[in-house]
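For reference, the structure I am asking about is given below.
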Amino acid sequence: ENISYIWIKIPRTGTVSYRKLFELYNTTKQSDIHHHNTYLQAKNFFGKYPGFSVVRNPLHRFISSLKYIKQEKHKCLTGKCNFNREHCQAHNVFLDFLDSTERCIEFLQTHFIKNCLLKKNPVRSNADLLRPGINNIFQVEDPFFITSFFSLQTEFAYYPNVKIFRYENLSEFNDWLHTTFGYDTTLLKPQNSSQDVSLSVNVEDPEFIKTVEMLFYDDYKAFNYPFQYLT
């Protein structure tokens, strides 16, 4: 009996490699290839099917995200972007905070609180105007690109009807794909498009790690990834 699933694609969890594998079979229900939809969004579009997803250590995922964002902005500025002009402009986000470890930590702590919630603006008195908006923080008109990297994995996939696998143990995921759909996962061609991108941020700095643990606190808790500094 064929079972239909919705694939919930969390950014920086190997989605490009798996999309290419799934396209060889074209039987798995999946959201638009350029968008990373949450389970609730995808379910509303495709129907009430169960889902599956891959999650990743929040620290490693965020470091990978920063590298990828930097890479895509460079492509945008040098005319090598793979998207159309409108989408390319959305990649041209403010990244000066990556110039140093101290500036990165200050930027993140200035704008975000626990679980990537935006900090209130103390200058504004009207309660409806207290949160500045992620588009203003990153100085881009369309925040669709940057938002997914500051969205929690719990927001994407932490639902009773979604089967969760770990990026750190993809062999379990591959076995499930083979058993459930008959996919030949030896055809996978792993890709890390940002592995050669360097950051001027010391990602081993304790204050940086503590900040990331604050940003993605619920991801650590929900998916049982160990904290290094928070509890």
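Of all residues in the range 212-231, count the ones that are farther than 16 Å from E155 by Cα and either without any contact (Cβ under 8 Å) to a residue 24 or more places away in the chain or more than 17 Å from the chain's Cα centre (by Cα) (or both).
So the answer is 6.
So if I check each of F173, F208, F227, which one is in contact with a Cys (Cβ under 8 Å, 6 or more places away or on another chain) and either at pLDDT 95 or above or assigned to a helix (DSSP H, G or I) (or both)?
Matching residue, one of F173, F208, F227: F208.
Here's something else I'd like to know. Quick one: count up the residues across the range 134-167 that are open to solvent by 20 Å² or more (accessible area, probe 1.4 Å) and not in a helix (DSSP H, G or I).
11
It is to be established whether one or more residues within the range 192-205 are of a type outside the set (K, R), modelled with pLDDT of 95 or more and closer than 28 Å to Y39 by Cα.
Looking through the range 192-205, none of the residues is of a type outside the set (K, R), modelled with pLDDT of 95 or more and closer than 28 Å to Y39 by Cα.
The values are calculated or read from the model by the stated rules, or taken from the named source; none is laboratory data. Everything numeric here is computed off the predicted structure, so don't read it as measured data. Positions of Cβ are backbone-derived with ideal geometry, glycine not excepted, and every protein chain shown enters the neighbour counts. Accessible surface is based on the protein model in full, side chains and every heavy atom, while ligands, DNA and RNA are left aside. Shrake-Rupley method; radii C 1.70, N 1.55, O 1.52, S 1.80 Å.
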